[in-house]
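Colleague: Supplied in structure tokens, the structure appears directly below.
The values are calculated or read from the model by the stated rules, or taken from the named source; none is laboratory data. Model, not experiment: these values are computed from the prediction. Note: ideal-geometry Cβ built from the backbone for every residue, glycine included; neighbour counts use all protein chains shown. Protein only, heavy atoms only, side chains kept; ligands, DNA and RNA dropped before computing areas. Shrake-Rupley method; radii C 1.70, N 1.55, O 1.52, S 1.80 Å.
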Amino acid sequence: MTEKDESVKSNSEYTEEQEVKNEETSTVENVEDTTSDSDNSSNDSSNEESSEETAVDPKDEEIQQLQLKANENEEKYLRLYAEFENYKRRIQKENETNKTYQSQRVLTDILPTIDNIERALQIEGDDESFKSLQKGVQMVHESLLRALKDNGLEEIETEGQAFDPNFHQAVVQDDNPDFKSGDITQELQKGYKLKDRVLRPSMVKVNQ
């Protein structure tokens, strides 16, 4: 084989190698393009799915708003109900108190009359007409006290009692060895109470 033939053969082989390399390069580029297209398609699909997930259904939003309003209305109702129940209890308690002490004013106003009747009963006389009159006054006094007691009036006890500032009013101090210190030695004016409420404290003499 001549040098010319060898040169032609060598050129032919070089040309074939170049074509093979070009085909391989083209194949790699095509694969890369395909992969890139696939990635882009996948990204687009993911973006679409993400957009669908973040999108809020208007109906769901409306339901949430209605639920919030319902919760607010329920809270207002419960608050108003509690206030109304407290108001009812307060009014009921006031009515019971008023009913218990409804006769307080009348009883307080009638106490001076009782005092006057008792002073009249302390007057002594030997005349038959006087005794008859005194007996009649005594019957009226007893009847009046009975009616007042039926309405809750009670006398405050003093005899043999220790002085209690809640029920007694000390007007005189005494020095009596027969009584302990702080004991009541004499009642100067009767005291009265209605249930557990003092209408008038007893005026008393207290031992030192």
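Colleague: If we keep just the residues of the stretch 161-173 that are open to solvent by 40 Å² or more (accessible area, probe 1.4 Å) and in contact (Cβ under 8 Å) with a residue 24 or more places away in the chain, which is farthest from residue 111 (Cα to Cα)? Working first, answer last.
Modeller: In the first step, residues of the stretch 161-173 are kept if they are open to solvent by 40 Å² or more (accessible area, probe 1.4 Å); the result is 161-167, 169-173.
Going one step further and asking which of them are in contact (Cβ under 8 Å) with a residue 24 or more places away in the chain, we end up with 163, 166-167, 169-173.
Working: 163: 22, 166: 19, 167: 16, 169: 17, 170: 19, 171: 19, 172: 22, 173: 25 Å.
By that ranking, first place goes to 173.
Colleague: Given (1) part of a loop (DSSP other than H, G, I, E, B); (2) surrounded by 11 or more Cβ atoms within 10 Å (Cβ to Cβ), identify the lone condition not met by residue 180.
Modeller: Only one criterion is unmet by residue 180, namely (2).
Colleague: Residues 65, 104: which one is open to solvent by less than 100 Å² (accessible area, probe 1.4 Å) and in contact (Cβ under 8 Å) with a residue 40 or more places away in the chain?
Modeller: Details: 65 fails: in contact (Cβ under 8 Å) with a residue 40 or more places away in the chain.
Criteria check complete, one pass: 104.
Colleague: Right, something else. Within the stretch 83-97, take every residue that is open to solvent by 100 Å² or more (accessible area, probe 1.4 Å) and of a type outside the set (Lys, Arg) and give me the one that is nearest to the chain's Cα centre (by Cα). Write out each step before concluding.
Modeller: Our first condition is that a residue be open to solvent by 100 Å² or more (accessible area, probe 1.4 Å); within the stretch 83-97, this holds for 83-84, 87, 89-90, 92-93, 96.
Add one more test, that the residue is of a type outside the set (Lys, Arg), and what stays is 83-84, 87, 92, 96.
Values: 83: 8, 84: 11, 87: 11, 92: 17, 96: 22 Å.
Once the filter is applied, the top-ranked residue is 83.
Colleague: Taking residue 125, is it of a type outside the set (Val, Ile, Thr), touching a helix residue (DSSP H, G or I) at 6+ places or on another chain (Cβ under 9 Å), open to solvent by less than 90 Å² (accessible area, probe 1.4 Å) and not in a helix (DSSP H, G or I)? Spell out how you get there, then give the answer.
Modeller: Details: of a type outside the set (Val, Ile, Thr): yes; touching a helix residue (DSSP H, G or I) at 6+ places or on another chain (Cβ under 9 Å): yes; open to solvent by less than 90 Å² (accessible area, probe 1.4 Å): yes; not in a helix (DSSP H, G or I): yes.
Answer is yes for this residue.
Colleague: Next up: Check off (1) on the phi < 0 side of the Ramachandran plot; (2) touching a residue at least 40 places away in the same chain (Cβ under 8 Å); (3) not basic (Lys, Arg) for residue 183 and give me the number that stays unchecked.
Modeller: (2)
Colleague: Moving on. Go through 108, 158 for me and flag whichever is among the polar types (S, T, N, Q) and touching a His at 6+ places or on another chain (Cβ under 8 Å).
Modeller: Details: 108 fails: touching a His at 6+ places or on another chain (Cβ under 8 Å).
On inspection, the qualifying residue turns out to be 158.
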